[in-house]
Each structure stands twice: as structure tokens, then as C-alpha cells.
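**Q** Dropping the structure in here first, questions after.
The values are calculated or read from the model by the stated rules, or taken from the named source; none is laboratory data. Being a predicted model, the structure only gives us computed values, none of them experimental. Cβ coordinates were reconstructed from backbone atoms using ideal geometry, including for glycine residues, and neighbour counts include every protein chain displayed.
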Amino acid sequence: MLKLTVACNNHQVDKNKKTLISSWGLSVYIDTGDTGILFDTGSSPIHLKNNFSALGIDKKRISNVVISHCHWDHTGGLDFALSGKDKKCGLFIPGKARGCNIKEGKYKVDIRMANEAVVIAPGIHSIGTTGMRIREQALALETKDGIVLLVGCAHPGILHMIDLARKRIGKDIYGVFGGFHLEMHPSFIIELVIRRIKGMGIKNIGPAHCTGENARKLFRHHFGKGYIDFGLGQVIQLN
């Protein structure tokens, strides 16, 4: 069983929980039971540290950090995530990516370029790097219902990344969570994307971060009970 906890996002699930700090960016902590994997680190080490404490996440359990793409709002918390580690931590970044500026000597870290699909931990895969101008990877999480795809911003296109995950992992995609990069798109384009995603057999959807408020409302309308608010503080159990 996997447990996902949204540790950084620019909208919050429970607005009454004042101890959390929402900020632009995305970070999701994955508890496998045996270890912890951090997908992206948000925009601020201070905010990530605060939210880890508020959510009861122990950063010492992190064995691997996966960076979807090398933008500041996904790498900003790296110093908190990697500093003070007793054991060497795996750091998976997109192949041929520019802008991460990560020096191996600064932390106890094993930097790996995820050019092709690669296993991060049992049942957790990087789909490998895709995109032209902005190089990006996503995580495929195995569940009994199918693959749950975790995306950072989907700069190469959310439809493309879903299709790529299905081809590279060789299994059907059941759910998609994360940033879909639809914030600046008009409603009719978002509606077309939603229809395509539903046509791919996606049952659960959790748009966040750069998806945009209007797009989230449209996804909620079209997916109904299959819609999950993937905001800051959300905890999801995957079987």
C-alpha cells in the first residue's frame, strides 16, 4: 500500500489548518511502508520544512528524490530534502535537463539521469524523460486498479504524458494526479482535454498546482466522484 501526502501546493485542502503554508509549486511525499520517496520539492525549503513538521513527515525516511523538471517551483526545497542525510540519497532528474544546478559534492546524493523508464522502488517507476524545450519525467505508481500517474507540470502535454506512460510501463492508467499546465487555457480547450482523458479510461483525477482553478472546477464537474482534491495537506491511500 502507498500513501501520498501533498506537502506543497498553491491551494490547500483544509483552509482551517493554519500551520500549513501554501505556496506556488508542488511536492508529494510517497510512503511505501518501507521507505519514503519525495516527488518534487516545492519552491521553498522553509515552507517544505514547515509542512513536513505540520504533516508529521520524517525526512530521514526519504531514500529517493524525484524531480519532474528543473523549474524553481519544483526544486526550491531541495536543500531541505537533501541536507543532513546520514545515508546517500538517490536523486532522479530528467535526462539532458538544464537549470537544476545540483552539485553532487554538496549532499550525500547519487544523481541519476532518468532518460528512459526506470524503477525507483518496487512498484514505482519513472516513465523517463520527454519534451523538447522543457524536459520532464513523471512517476507511475502500481496499484491493484492500474497505474496512478504523478505529474509535476506536464509541460510536454498531459495527454502525451499519459500516453507515454501507458506505452513505456505497458499497463493501463487508472488515475492521474498533479499539475496539468492548463491554467492559461480557455474552457473549450480544457473541455477537449477532459474528454480525451476520460476516453483513455482514466477513473480518478487529481488536478493541482498549474492546472488552474477554472480547470479544476471543470474536472470536478466531469469526473464527479472520481475527482480528488489534490491540494496541500491531502492524504491518499493507494492499494
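**Q** Only one of these is of a type outside the set (V, I, T), free of Cβ contacts under 8 Å to residues at least 24 places away in the same chain and more than 23 Å from V148 (Cα to Cα): D86, D58. Name it.
**A** Working: D86 fails: free of Cβ contacts under 8 Å to residues at least 24 places away in the same chain.
The match here is D58.
**Q** Give the residue that is modelled with the highest pLDDT, with candidates limited to residues of the range 220-239 that are part of a strand (DSSP E or B) and of a type outside the set (A, V, I, L, M, F, W, C). Steps first, please.
**A** Within the range 220-239, the subset part of a strand (DSSP E or B) is 227, 232, 235-238.
Retained after the next criterion (residues that are of a type outside the set (A, V, I, L, M, F, W, C)): 227, 237.
Numbers: Y227: 98, Q237: 95.
The residue in question is Y227.
**Q** Kindly indicate whether F230 is within 30 Å of K18 (Cβ to Cβ), surrounded by 15 or more Cβ atoms within 10 Å (Cβ to Cβ) and touching a residue at least 60 places away in the same chain (Cβ under 8 Å). Before the answer, list the steps.
**A** Values: within 30 Å of K18 (Cβ to Cβ): yes; surrounded by 15 or more Cβ atoms within 10 Å (Cβ to Cβ): yes; touching a residue at least 60 places away in the same chain (Cβ under 8 Å): yes.
Spelling it out, F230 is indeed within 30 Å of K18 (Cβ to Cβ), surrounded by 15 or more Cβ atoms within 10 Å (Cβ to Cβ) and touching a residue at least 60 places away in the same chain (Cβ under 8 Å).
**Q** I've got another one for you. When only residues in the range 119-160 that are without any contact (Cβ under 8 Å) to a residue 60 or more places away in the chain and under 13 Å from the mean Cα position of the chain (by Cα) count, which is surrounded by the most Cβ atoms within 10 Å (Cβ to Cβ)?
**A** Among residues in the range 119-160 that are without any contact (Cβ under 8 Å) to a residue 60 or more places away in the chain and under 13 Å from the mean Cα position of the chain (by Cα), the one surrounded by the most Cβ atoms within 10 Å (Cβ to Cβ) is A154.
**Q** With the condition being buried (at least 20 other Cβ atoms within 10 Å of the Cβ), under 18 Å from the mean Cα position of the chain (by Cα) and aliphatic (A, V, I, L, M), I'd like the helices (runs of 4 or more DSSP H) fully within the range 7-108 carrying at least 3 qualifying residues.
**A** Where helices (runs of 4 or more DSSP H) fall fully within the range 7-108 and carry at least 3 residues being buried (at least 20 other Cβ atoms within 10 Å of the Cβ), under 18 Å from the mean Cα position of the chain (by Cα) and aliphatic (A, V, I, L, M), they are 78-82.
**Q** Another question, if that's okay. Take the range 8-42 and flag every residue that is closer than 23 Å to A140 by Cα and among the small types (G, A, S).
**A** Hits for the range 8-42 are G25, S27, G33, G36, G42.
**Q** Same structure again: Note down all Cβ pairs under 8 Å where the first residue falls in the range 171-191 and is without any contact (Cβ under 8 Å) to a residue 12 or more places away in the chain, the second is in a strand (DSSP E or B), and they're at least six residues apart or on different chains.
**A** Going by the 8 Å Cβ cut-off, there are no qualifying pairs.
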